[in-house]
Amino acid sequence: MKKMIVLLFVLLSSFASATVFAADTGSMSLWEKLRKKVESFAPQKKIGATNAVGGVRGAPSDAHDIYWKGEATQETIEAEELAAFKKAMDLAAAGEKKQASGAFAEFVKKHPDSALRKDADQALVELAK
């Protein structure tokens, strides 16, 4: 009997948390989700040389691969790439669907391997509606 009560409690709590999560993410529009995602990116400037110092046992590694415990890292993206995506988002927010879809299409063409590629494709689908 105790096992049944515990099982019922676990099922109800998991259902409740899934419902809260779905309600929280479902209330945001595509544009709000994209704006929030873009704000989390840090623009990466091209630097001529990279210097790194580290004392780590094992094989030498690239400066970008070093992990420091407790270090909060932001996803980085090239400044030009981020500016192009923000411009397209601003056009969409201003209600200029035709220009925004052109800007997103240009973004996809110029930056096919971008971390924002899927978001640009999703925005193009949304603008086509």
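The values are calculated or read from the model by the stated rules, or taken from the named source; none is laboratory data. Not measured: the values here are computed from a predicted model. Glycine also receives a Cβ, built like all others from the backbone with ideal geometry; neighbour counts cover every protein chain displayed.
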Considering only the stretch 120-129, state which residues are assigned to a helix (DSSP H, G or I) and over 15 Å from Ala83 (Cβ atoms).
Asp121, Gln122, Ala123, Leu124, Val125, Glu126, Leu127, Ala128
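In the stretch 1-115, which helices (runs of 4 or more DSSP H) lie fully inside it and hold 1 or more residues that are modelled with pLDDT under 75 and β-branched (Val, Ile, Thr)? Working first, answer last.
On the way: elements: 2-26, 30-40, 79-93, 97-110.
It comes to 2-26.
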Close pairs from the stretch 74-96: first in contact (Cβ under 8 Å) with a residue 40 or more places away in the chain and buried (at least 19 other Cβ atoms within 10 Å of the Cβ), partner part of a loop (DSSP other than H, G, I, E, B) and not hydrophobic (A, V, I, L, M, F, W, C), Cβ under 9 Å, at least 6 apart:
Phe85/His111; Phe85/Ser114
Based on this model, can you work out whether Leu127 counts as in contact with a Ser or Thr (Cβ under 6 Å, 6 or more places away or on another chain), within 19 Å of Ser29 (Cβ to Cβ) and without any contact (Cβ under 8 Å) to a residue 60 or more places away in the chain?
yes
Picked from the stretch 104-124 (must be in contact (Cβ under 8 Å) with a residue 40 or more places away in the chain and not polar (S, T, N, Q)), the residue surrounded by the most Cβ atoms within 10 Å (Cβ to Cβ) is Ala123
